[in-house]
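Presented below is the structure to which this report refers.
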Amino acid sequence: MGFVETLKKQSFFENILKKKESNTLSNSIMFFCEDNLTSQKVLVLTAMLLEYPVFDLFDEKSAQFQKAEAGIDLDVKVYPKNGEKLLVADANEIVSEAYIKPVNLPYKVFLINNFDVSTEEAQNKLLKILEEPPKNVYFILSVKNEEKVLPTIKSRCDKIKIVPLSDEEMSAVCQDKLACVLGGGYVGKTLALEKNRELASVADFAVSILTELKSSKQVLSFSKRMLEEKTNLNLILEIVSLCIEDIIKLKCESEDLCKLKMYKSDLKDVEPEFSVEALCEISRLISKFREKLEFNANLTVAVDNFLLKMLEVKFLCK
């Protein structure tokens, strides 16, 4: 089963259809999702649901779906035009287009991705038309951070949170177990990880930071490898964080809940070396390290300090 077919089975589509049939569906729908690829597919599927009486017929191979996704359908309009941020020019165009009657389909549907990164001015341009939408017009928005959306716009939308896919659903989309675990139920992230040819070696190295780094004499070699993997540095830190979570689960005799099952044996071997206090403190060190990366700190110094402090915490918190 493909990604779109898996998405079509999500219960919120049935709820949208029920609201539409009972005339209680708002003309504006706001989806909350952390994964861009998922958001894009959901917005197109929602347009298909609104426009056509037989929703089950549409998948990624159907001509109608492909036209809508490509932004070349006369009645399903995709924004932002630059693919990144809704601009004032986009907002002005949406307002003008909204008053033009649909050409071939029952409704004019506007799909607006990443609405939360649009400027406040662009959002304000759309406020009035969202308050008083023309007949037969729907606005479907996707956002990651609702705090960046004007409260007056949020109040006019039916709000739907898209939750990550389950492990079983993800297995239908991606066969790489490591990518599925690290993707956290988000298909866009998972498929990107699946394409990363260095994923397995990066994961092995990340796990080795906890399982093989034993003394300050080894810091230089580990630091060198981290600097060589600077494009994967956030991924390495994410995997180390998951390792910490799994070691805590092992300590609590909850090994069935471990996520990195492929590394469970390695983590079991080192579990006695770490106290819960040390693991919690290392998690805080990771958070501080990430902050330094965001502020463009000296990478060599930041990596060395992180590894040395991690060793220090490990031995002080025994």
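The values are calculated or read from the model by the stated rules, or taken from the named source; none is laboratory data. Owing to the predicted nature of the structure, the values given are computational and were not obtained by experimental measurement. Every residue, glycine among them, receives a Cβ derived from its backbone with ideal geometry; neighbour counts consider all protein chains shown. Side chains included, ligands, DNA and RNA excluded: accessible areas come from the protein's heavy atoms. Shrake-Rupley method; radii C 1.70, N 1.55, O 1.52, S 1.80 Å.
Inside the stretch 131-188, can you point out the residues that are free of Cβ contacts under 8 Å to residues at least 24 places away in the same chain, small (G, A, S) and either touching an Asp or Glu at 6+ places or on another chain (Cβ under 8 Å) or open to solvent by less than 20 Å² (accessible area, probe 1.4 Å) (or both)?
A179, G183, G185
Table: residues versus (1) without any contact (Cβ under 8 Å) to a residue 24 or more places away in the chain; (2) surrounded by fewer than 20 Cβ atoms within 10 Å (Cβ to Cβ).
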{"position": "E14", "(1), (2)": "yes, yes"}
{"position": "K20", "(1), (2)": "no, yes"}
{"position": "C33", "(1), (2)": "no, no"}
{"position": "E51", "(1), (2)": "no, no"}
{"position": "V54", "(1), (2)": "yes, yes"}
{"position": "D59", "(1), (2)": "no, yes"}
{"position": "I72", "(1), (2)": "yes, yes"}
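What number goes with the only condition from (1) open to solvent by less than 50 Å² (accessible area, probe 1.4 Å); (2) more than 27 Å from the chain's Cα centre (by Cα); (3) over 24 Å from F315 (Cβ atoms) that E229 does not pass?
(2)
Tell me which of these V95 doesn't satisfy, since it passes every other one: (1) under 16 Å from G71 (Cα atoms); (2) open to solvent by 30 Å² or more (accessible area, probe 1.4 Å); (3) of a type in the set (A, V, I, L, M).
Among (1) under 16 Å from G71 (Cα atoms); (2) open to solvent by 30 Å² or more (accessible area, probe 1.4 Å); (3) of a type in the set (A, V, I, L, M), V95 violates only (1).
What's the number of the condition E253 fails, among (1) assigned to a helix (DSSP H, G or I); (2) modelled with pLDDT under 90?
With respect to (1) assigned to a helix (DSSP H, G or I); (2) modelled with pLDDT under 90, E253 is out only on (1).
Can you say whether L293 is in a helix (DSSP H, G or I), under 17 Å from L182 (Cα atoms) and aliphatic (A, V, I, L, M), as far as the supplied structure shows? Steps first, please.
Working: in a helix (DSSP H, G or I): yes; under 17 Å from L182 (Cα atoms): no; aliphatic (A, V, I, L, M): yes.
For L293, the condition - in a helix (DSSP H, G or I), under 17 Å from L182 (Cα atoms) and aliphatic (A, V, I, L, M) - is not met.
Could you list all residues from the stretch 194-215 that are open to solvent by 80 Å² or more (accessible area, probe 1.4 Å) and either in contact (Cβ under 8 Å) with a residue 12 or more places away in the chain or outside any loop (DSSP other than H, G, I, E, B) (or both)?
Filtering the stretch 194-215 for residues open to solvent by 80 Å² or more (accessible area, probe 1.4 Å) gives 195, 197-198, 204, 212.
Residues satisfying the conditions are K195, E198, D204.
Being assigned to a helix (DSSP H, G or I) and in contact (Cβ under 8 Å) with a residue 40 or more places away in the chain is the filter; apply it to the stretch 1-12 and report the residue that is surrounded by the fewest Cβ atoms within 10 Å (Cβ to Cβ).
Start the filter on the stretch 1-12 by keeping residues that are assigned to a helix (DSSP H, G or I), which leaves 3-8, 11-12.
This time we only want the ones that are in contact (Cβ under 8 Å) with a residue 40 or more places away in the chain, so: 3-6, 8, 12.
On the way: F3: 22, V4: 21, E5: 13, T6: 18, K8: 19, F12: 17.
Selected residue: E5.
Tell me, yes or no, whether the stretch 273-280 has at least one residue that is open to solvent by 40 Å² or more (accessible area, probe 1.4 Å), modelled with pLDDT under 90 and either among the acidic types (D, E) or assigned to a helix (DSSP H, G or I) (or both).
Within the stretch 273-280, the subset open to solvent by 40 Å² or more (accessible area, probe 1.4 Å) is 273, 276-277, 280.
Right, trim to modelled with pLDDT under 90 and you get none.
Within the stretch 273-280, none of the residues are open to solvent by 40 Å² or more (accessible area, probe 1.4 Å), modelled with pLDDT under 90 and either among the acidic types (D, E) or assigned to a helix (DSSP H, G or I) (or both).
Looking at the stretch 303-315, which of its residues are free of Cβ contacts under 8 Å to residues at least 24 places away in the same chain and surrounded by fewer than 20 Cβ atoms within 10 Å (Cβ to Cβ)?
Narrowing the stretch 303-315 to residues free of Cβ contacts under 8 Å to residues at least 24 places away in the same chain: 305-306, 312, 315.
Across the stretch 303-315, the qualifying residues are N305, E312, F315.
If we only count helices (runs of 4 or more DSSP H) wholly inside the stretch 82-193, which ones have 2 or more residues that are more than 18 Å from M30 (Cβ to Cβ)? Give the steps one after another, and end with the answer.
Values: elements: 88-98, 120-131, 151-154, 167-171, 177-183.
By residue number, 88-98, 167-171, 177-183.
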